[in-house]
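The structure appears right after this line, and notes come after that.
Please treat every number below as a calculation from the coordinates, not as lab data. Note that this is a predicted model, so its numbers are computed, not measured. Every residue, glycine as well, gets a Cβ built from its backbone with ideal geometry; the counts of neighbours run over all protein chains shown.
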Amino acid sequence: MNNRSKMDIVKSMLDDAPINIEAIIRSLGQEVVKDADLPADISGQIKKLPDGRYELSSSAGEHYYRQRFSLAHELGHYILHNSLIGAGLDDNTKYRSTSEGNYYNTAIELAHERQANSFAASVLMPEKLVRKAIDEANGDVSLSDLYRKFQVSASAMNWRLRNLGLTKYVKGAG
């Protein structure tokens, strides 16, 4: 499956908040492990399975909303950086490839991590759905309303609002 068809599948599943990130990963034929027993300080992991598919994992030690972002981040690596994954990669709590886990991957650079973060934000908080949520609130929406609706952290939602130029429409954003 090429990246274009992978993105078509992803885009077809971005109709309602919260986005079902696990269903997206599974629809791409990959495995999901929430609440994974990952090494300390590892938020997410992607590893190649013997059959050539990948297992995308999020740490059991983290809040559910953070786990969702970690899975979306790893999905970003799967789609955007497939040729660099090799046997796998671990991302620490700052979403950086790290030697602390099982899959230290020096091919993944800071620019790749930023791309995976941007991908995760656009999948979990699609611009059209964020704008729709703000519009439907008729000027009476808070940061906490939005991050709960999209099931992401307050920090992730605030960054997304900033990047979309929408903080002025949301109480508590900035």
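Side notes on the structure shown:
- Label point of Met1 set 7 angstrom out along Cα-Cβ; within region 44-80, amide nitrogens under 18 Å from it belong to 46-57, 71-80.
- For Leu124, neighbours were defined as the other residues whose beta-carbon sits under 9 Å from its Cβ, and their charges (Lys and Arg +1, Asp and Glu -1) total +2.
- Secondary structure note: in the chain, about 70% of the DSSP beta bridges are antiparallel.
- Here the Debye sum runs over all C-alpha atoms of region 29-174 as equal scatterers in vacuum, and log10 of I(q)/I(0) at q = 0.09, 0.12, 0.18 Å⁻¹ comes out as -0.29, -0.50, -0.96.
- The distance separating the Cα centre of region 124-174 from that of region 1-19 comes to 21 Å.
- In degrees, nearest ten, helix 154-164 long axis to first principal axis of the chain (Cα): 70
- Note on the chain: Lys pairs 8 or more places apart or on different chains, Cα atoms under 15 Å apart, count 5.
- For Ser99, net neighbour charge (Lys/Arg +1, Asp/Glu -1) across residues whose Cβ lies under 13 Å away: -3
- Environment charge at Pro18 (Cβ cut-off 10 Å; Lys +1, Arg +1, Asp -1, Glu -1): +2
- Given 15 as the ceiling on other Cβ atoms within 10 Å, longest exposed-site-free region of the chain for GluC sites (Glu not before Pro) in DSSP loops: 1-99
- Förster-model FRET efficiency, 25 Å R0, Asp15 and Asp51, C-beta, rounded to 0.05: 0.25
- Mean residue ellipticity, 222 nm, helices only, the chain: the sum of -39500 (n - 2.57) across DSSP H runs of n ≥ 4, divided by residue count and rounded to 500, is -13500 deg cm²/dmol.
- Here the simple spin-label model places points 7 Å from the Cα toward Cβ, and for Arg148 and Tyr104 these points are separated by 4.3 nm.
- When the square roots of the Cα gyration tensor eigenvalues are ordered a ≥ b ≥ c, the ratio a/c for region 1-104 is 1.5 or more and a/b does not exceed b/c, which makes its shape oblate.
- Trypsin sites (Lys or Arg not before Pro) restricted to DSSP loop in region 27-63 with at most 10 other C-beta within 10 Å: none
- Angle in degrees between helix 127-136 and the longest Cα principal axis of the chain, rounded to the nearest 10: 30
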